[in-house]
Amino acid sequence: MKFTNRIRNAIRAFTNNSIVIGRRDEDAHLLEWLGIDDDHLGKGELNEVTYFTCMKKLSETIGKLPLKYYQETSSGRSRADPDQTAYVLTMRPNNFMTPTTFWTSVEYNCQHFGNAYVWMNETYDRQNGYQLQDIWIMPSQDVEVMIDDAGVFGKKNADIYYLYTDRYTHESYVFASRKVMHFKTWLTLDGITGEPVRNILRHQISGALESQKYMNNLYSQGMTASMALQYTSDLDETKVKALQNKFQKYLTGPKNAGKVVPIPLGLTLTPLNIKLTDAQFFELKKYSALQIAAAFGIKPNQINDYEKSSYASAEMQQLDFLLDTIMPRLKLYEEEINYKALGRKAMLKDGLYFKFNEKALLRTDSKTQADILTAYVNNAIYTPNEARDYLDKEHKPEGDILVANGNYIPLSDVGKQYGVGGGEENE
């Protein structure tokens, strides 16, 4: 197998490092002793089920919305002719990713790290100018945002630059702002970089993690609480440890649940039981889950909480999720994509722009969809062929003509039909 220089450098960088993927526990202790955060990917937060569910819901929602290419003309909006930029953004961002995978990963980086960075690989020729070839996600934890307010890079006005350090080769690259699409969360103080929600909810998420660990320990012990072993004689430390291990073998683990434990004379076992109901454990855990979901804009039914939900309220919650949570995200994406990928000339002069189709979230059952499309066609809002597009049906001849009920007339013509053929001369 032939290796490129980049792969060779990556392998060399891995083998030269003392800490590699698949390291042992002692390596993790070494990182902790050195003060290095081994959880740079936030694996601890992802182990919390509510946080994971919120991340999954937001990322998959952005990923499944189709990105459309439009052109605004004097006659209204229409689908723009596909070009190289549209092919990259809507069909194939790069050789390894589909649009669904790409935008899902972008939203995950954005929500988890606060920022997502997409490098645009462009080529230039005098005839066509800059042509977008493909786009790549730069790991958020490997990118540093710099503001050149002193003109170090030769520009009079301040500009933003992105310093990307390859974690494998340790090489650094500097990209101008026009080469990087920068997506951020709503939580930003300077308007340039975003903050992840997990930083604000760190104590809330850590509390939920500890409660989850507590439940896991109870399950692993066979739901057996701690016990106090009473005896009359005085034993040394070694014998106490041996006695403790002997009874722990009979008392812990799911396999020992419900079994009879033999107790010698002179020994007494007293359970130290704290009931979960007395501590309102599950109520507090549920309240914590709702707080985490609310911070992300996730509705209760989307984290499988249907206690106060009906079919109608769940449908309304889905609409609220679109309007309050997803629409601001889509607007942020569209503004950055249009400005960086198309440029000012294409947007202002040619009227080209990209837009996510948010209607994919509002698809209803077949009967409701049929009623809506019929009303649109009968009232000359949609042409028959436009309605057929929603049903993935082929176009029909003369299907691009608007149709309407013949009894409908303009408001200014109301009453004229009663004057036709009237009067003394026609009696």
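The values are calculated or read from the model by the stated rules, or taken from the named source; none is laboratory data. This structure is a prediction, so every number in the text was calculated from the model and none was measured. Note that we place each Cβ from the backbone using ideal geometry, even for glycine, and neighbour counts take in every protein chain shown.
Could you say whether any residue in region 121-138 is among the aromatic types (Phe, Trp, Tyr) and in contact with an Asp or Glu (Cβ under 6 Å, 6 or more places away or on another chain)?
Taking region 121-138 as the starting set, the residues that turn out to be among the aromatic types (Phe, Trp, Tyr) are 124, 130, 136.
From what is left, the residues that are in contact with an Asp or Glu (Cβ under 6 Å, 6 or more places away or on another chain) are 130.
The answer is yes, given that some residue of region 121-138 is among the aromatic types (Phe, Trp, Tyr) and in contact with an Asp or Glu (Cβ under 6 Å, 6 or more places away or on another chain).
Of all residues in region 371-398, how many are in contact (Cβ under 8 Å) with a residue 24 or more places away in the chain and among the aromatic types (Phe, Trp, Tyr)? Full working, then the answer.
Just the residues of region 371-398 that are in contact (Cβ under 8 Å) with a residue 24 or more places away in the chain, to begin with: 377-380.
From what is left, the residues that are among the aromatic types (Phe, Trp, Tyr) are none.
Looking only at that region, the number is 0.
In region 342-371, what residues are surrounded by fewer than 14 Cβ atoms within 10 Å (Cβ to Cβ) and aliphatic (A, V, I, L, M)?
Leu348, Ala360, Leu362, Ala370
Hey, can you tell me all the residues within region 372-397 that are surrounded by 15 or more Cβ atoms within 10 Å (Cβ to Cβ) and farther than 16 Å from Lys359 by Cβ?
Val377, Thr383, Pro384, Asn385
At pLDDT below 90 and buried (at least 17 other Cβ atoms within 10 Å of the Cβ): which single residue out of Ala86, Ala80 fits that description?
The match here is Ala80.
Starting from region 319-337, keep only residues that are touching a residue at least 24 places away in the same chain (Cβ under 8 Å) and not assigned by TED's automatic domain parsing to the domain that holds Lys359, then list their pairs with residues that are small (Gly, Ala, Ser) and outside any helix (DSSP H, G or I) whose Cβ atoms are within a distance under 6 Å, requiring at least 6 positions of separation or different chains.
none
Which condition from (1) assigned by TED's automatic domain parsing to the domain that holds Lys68; (2) over 28 Å from the mean Cα position of the chain (by Cα) is the one that Phe354 breaks?
For Phe354, the exception is condition (2).
Where residues in region 352-390 are among the acidic types (Asp, Glu) and over 15 Å from Asp400 (Cα atoms), which of them is modelled with the highest pLDDT? Explain how you work it out, then say what you get.
Pass one, region 352-390, residues among the acidic types (Asp, Glu): 358, 365, 371, 386, 389.
Imposing the further condition that a residue be over 15 Å from Asp400 (Cα atoms) reduces the set to 358, 365, 371.
Details: Glu358: 85, Asp365: 67, Asp371: 82.
Ranking the qualifying residues of region 352-390, first place goes to Glu358.
Residues in region 27-71 that are of a type in the set (Phe, Trp, Tyr), at pLDDT 50 or above and part of a helix (DSSP H, G or I): how many?
Residues in region 27-71 being of a type in the set (Phe, Trp, Tyr), at pLDDT 50 or above and part of a helix (DSSP H, G or I): 2 in total.
Can Asn95 be described as outside the structural domain of Asp389 (by TED's automatic domain parsing), out of contact with any Leu (no Cβ under 9 Å at 6 or more places or on another chain), within 30 Å of Tyr173 (Cα to Cα) and surrounded by 14 or more Cβ atoms within 10 Å (Cβ to Cβ)?
So Asn95 does not fit the description; no.
If the requirement is being touching a strand residue (DSSP E or B) at 6+ places or on another chain (Cβ under 7 Å) and under 28 Å from Asn304 (Cα atoms), which of these qualifies: Leu342, Leu330?
Sole residue among the options that is touching a strand residue (DSSP E or B) at 6+ places or on another chain (Cβ under 7 Å) and under 28 Å from Asn304 (Cα atoms): Leu330.
So for region 112-120 (the condition being in the same structural domain as Phe296 (by TED's automatic domain parsing) and touching a Cys at 6+ places or on another chain (Cβ under 8 Å)), does at least one residue qualify?
At the first step, the residues of region 112-120 found to be in the same structural domain as Phe296 (by TED's automatic domain parsing) are 112-120.
If we keep only those that are touching a Cys at 6+ places or on another chain (Cβ under 8 Å) as well, we get 116.
Checking region 112-120: at least one residue is in the same structural domain as Phe296 (by TED's automatic domain parsing) and touching a Cys at 6+ places or on another chain (Cβ under 8 Å).
Being under 17 Å from Asp148 (Cα atoms) and either in contact (Cβ under 8 Å) with a residue 40 or more places away in the chain or among the basic types (Lys, Arg) (or both) is the filter here, so list the residues in region 161-176 that pass it.
Tyr162, Tyr164, Phe175
Is it true that Gln131 is surrounded by 13 or more Cβ atoms within 10 Å (Cβ to Cβ), assigned to a helix (DSSP H, G or I) and touching a residue at least 24 places away in the same chain (Cβ under 8 Å)?
When the stated conditions are applied, Gln131 does not pass them.
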